[in-house]
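*Asks:* Right, I'll just put the structure down here and ask away after.
Throughout, read-outs are computed from the coordinates displayed, never taken from laboratory work. Predicted model only: the values in this text are computed from it and were never measured. Because the Cβ atoms are built from the backbone with ideal geometry, glycine has one as well, and the counts that use them run over all protein chains shown.
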């Protein structure tokens, strides 16, 4: 029990240290530059503390419940024994890895749905668009993008093809979609690429990347393990623009 | 009574947010790996903590972070000083990134790769120096990104031209950057924006766009995060070329 409390305190201190520079900048500018009393300073202070404790509890809970199991799973699912991949001689075939793709897609989807910063952006987008963009619609669109991104990223690690060709091809698609997508969605779609990868997604996805690249002969975890996050931040841009495009067609 | 009902509602919605992960983990554990779920006790406690944590976070978001970001945006707009606003933007981008734990971790990984590939000496000092340099590079790039993004909102430039320009920058840098750094550089774009930064920066952008005449919060207010995830890619590859 005491061990658990110490662990929680560690996480709390980490969160405080993480938020401290932000708070210093905000309040510094508010007090010395803007020099305007905040209207509801007390509420804002309480809200800040709630964010702090909420985040610390959230991380503690993830550490306790999800991360160990998820990370273990990522390494077990990529092991050659489970996948029945021939370990000697012939080269690895990409289609031996069916479970990996399924795991990559479902873990990408589900962690994105739980991602607090995406929830924040969805709340804001819903308010700003006066309800035209639904919170769940946006979140599901982003989660589908991440799911596709992570499984394609796994395919890339398995086949050992160069990362930058995928990313550049993705850029071409994004630029094309930008030309045809409704103008109001563009900035939000670009943003959703960056918000998806944080607290919940990154640790599990990183574990998957390291598991895959250490279990496949010829891959170096130091080099090939990276890139999944990049996929996870590129594909939501496409899926959100596609979502907006579809909603526009449907409303016609 | 009202508070209790509200707490219950927000716990329920957190439960819905987390349900997919539990289904996925349970399915793979029991059906694919065919193993029992270990440590049921800590799993249960952890789940309760996660539920309460997420609910608190979201309540605090609406009470604290969103109003703060928007009020400050309004105040800056009323003050009317672009240089203070840009200085604030830089401080926010740099300050929130430089201490980001995910970034510190990825910088250390990058140093290992660089030492392995013979780009730097295989000593602790050299690796530490490399990691520090990388951290400051990324923090600088995020500061620059928020400045550029705020300037865009103030001037009303369309977001897509800047983003496409950034893509071209990434492609050009990729052609020249050492092969080992590309994966790290691409990933560094995604990890820079933390769970506290995102709501703040979003509220700031939307607040600015609503307080400046002729700006639309939907088309102009968003986009700051996009810049913050694009510039690190370019800056990190540049760092790789320089060393």
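*Asks:* Can you tell me the orientation of helix A:67-77 relative to chain A, as the angle in degrees between its alpha-carbon axis and the longest Cα principal axis, to the nearest 10?
*Replies:* Approximately 20 degrees, to the nearest ten.
*Asks:* If I take R0 = 22 Å and measure r between the Cβ atoms of residue A:20 and residue B:124 in this structure, what FRET efficiency does the formula 1/(1 + (r/R0)^6) give, to the nearest 0.05?
*Replies:* On the way: r = 28 Å, r/R0 = 1.26.
After rounding, the FRET efficiency stands at 0.20.
*Asks:* Using the C-alpha atoms of the protein assembly as shown, what convex hull volume per residue, in cubic angstrom, is computed? Before the final figure, lay out the partial values.
*Replies:* Values: hull volume 79.8 nm³, N = 495.
In the protein assembly as shown, the Cα convex hull volume per residue is 161 Å³.
*Asks:* Still on this structure: Run the simple label-point estimate for residue B:33 and residue B:241 please: 7 Å along Cα→C-beta, distance reported in nm.
*Replies:* 4.4 nm
*Asks:* Could you list log10 I(q)/I(0) for segment B:106-243 at q = 0.18 Å⁻¹, which the Debye formula gives when each Cα is one point scatterer?
*Replies:* Taking Cα atoms of segment B:106-243 as identical point scatterers yields -0.93.
*Asks:* Have a look at B:232, B:36, B:158 and tell me which one the Gaussian network model of chain B (Cα, springs below 10 Å) gives the largest fluctuation.
*Replies:* B:36
*Asks:* Evaluate the relative contact order of chain A (contact order divided by residue number), counting alpha-carbon pairs under 8 angstrom at least 6 apart; express in whole percent.
*Replies:* Details: 278 pairs, mean separation 58.9, N = 252.
Relative contact order of chain A: 23 percent.
*Asks:* Still on this structure, please answer the following. Ratio of alpha-carbon Rg to the 2.2 N^0.38 Å globular estimate for segment A:95-164, to two decimals, please. Let's see the in-between values first.
*Replies:* Details: Rg = 14.9 Å, N = 70, 2.2 N^0.38 = 11.1 Å.
After normalising by residue count via 2.2 N^0.38 Å, the value is 1.35.
*Asks:* Over segment A:183-234, how many percent of alpha carbon pairs lie in each 10 Å bin up to the one with the longest distance?
*Replies:* Per 10 Å bin, starting at 0, the Cα pair percentages come out as 25, 40, 23, 10, 2.
*Asks:* Please give the Cα centre distance for segment A:1-51 versus segment B:71-122, rounded to the nearest Å.
*Replies:* 19 Å
*Asks:* Then there is this: Would you give the gap between the C-alpha center of segment A:137-188 and the C-alpha center of segment B:127-165, rounded to a whole Å?
*Replies:* For segment A:137-188 versus segment B:127-165, the Cα centre distance is 21 Å.
*Asks:* Segment A:117-135 to segment B:188-243: how many Å between their Cα centroids?
*Replies:* Between the Cα centres of segment A:117-135 and segment B:188-243 lies a distance of 17 Å.
*Asks:* Separate question: With a 10 Å cut-off between alpha carbons and a GNM built on chain B, which of B:132, B:160, B:35 moves the most?
*Replies:* The residue that fluctuates most here is B:35.
*Asks:* Could you tell me the calculated FRET efficiency between residue B:3 and residue A:127, based on Cβ-Cβ distance and R0 = 22 angstrom, to the nearest 0.05? Please list the in-between numbers first.
*Replies:* On the way: r = 23 Å, r/R0 = 1.05.
In this case the efficiency is close to 0.45.
*Asks:* A follow-up question, please. Can you put B:233, B:30, A:241, B:119 in order, fewest other beta carbons within 10 Å first?
*Replies:* Details: B:233 29, B:30 12, A:241 26, B:119 16.
Lowest to highest Cβ neighbour count: B:30, B:119, A:241, B:233.
*Asks:* Pairing the Cα long axis of helix A:135-159 with the longest principal axis of chain A, what angle in degrees results, from 0 to 90 and rounded to the nearest 10?
*Replies:* Helix A:135-159 sits at roughly 30 degrees to that axis.
*Asks:* Hey, in the GNM for chain A with a 10 angstrom Cα cutoff, which one of A:62, A:26, A:102 fluctuates hardest?
*Replies:* In the Gaussian network model the winner is A:26.
*Asks:* Using a simple spin-label model with points 7 Å from Cα along the Cα→Cβ vector, what separation in nm is obtained for residue A:165 and residue A:102?
*Replies:* Going by the 7 Å Cα→Cβ label model, 2.9 nm.
*Asks:* Measure nothing fancy, just the Cα-based angle from helix A:98-113's long axis to the longest principal axis of chain A, in degrees from 0 to 90, nearest 10.
*Replies:* Between the helix axis and the principal axis of chain A, the angle is about 0 degrees.
*Asks:* Continuing with this model, one more query. How compact is chain B by the rule of thumb for globular proteins, expressed as Cα Rg over 2.2 N^0.38 Å?
*Replies:* Numbers: Rg = 21.5 Å, N = 243, 2.2 N^0.38 = 17.7 Å.
After normalising by residue count via 2.2 N^0.38 Å, the value is 1.21.
*Asks:* Pop a pseudo-label 7 angstrom from the Cα along the beta-carbon direction at both residue A:3 and residue B:44 and give the gap in nm to one decimal.
*Replies:* 1.9 nm
*Asks:* Please work out the Kirkwood hydrodynamic radius for segment B:1-124, using every pair of different C-alpha atoms, and report it in angstroms with one decimal place. Present the calculation step by step, with values, prior to reporting the outcome.
*Replies:* Values: mean 1/r = 0.0508 Å⁻¹.
Value: 19.7 Å, from the Cα pair sum.
*Asks:* I would also like to ask the following. Which percent of the Cα-Cα distances in segment A:101-252 go past 25 Å? Mind showing how you got there, number by number?
*Replies:* On the way: 3262 of 11476 pairs.
The calculated P(r) of segment A:101-252 puts 28 percent of pairs beyond 25 Å.
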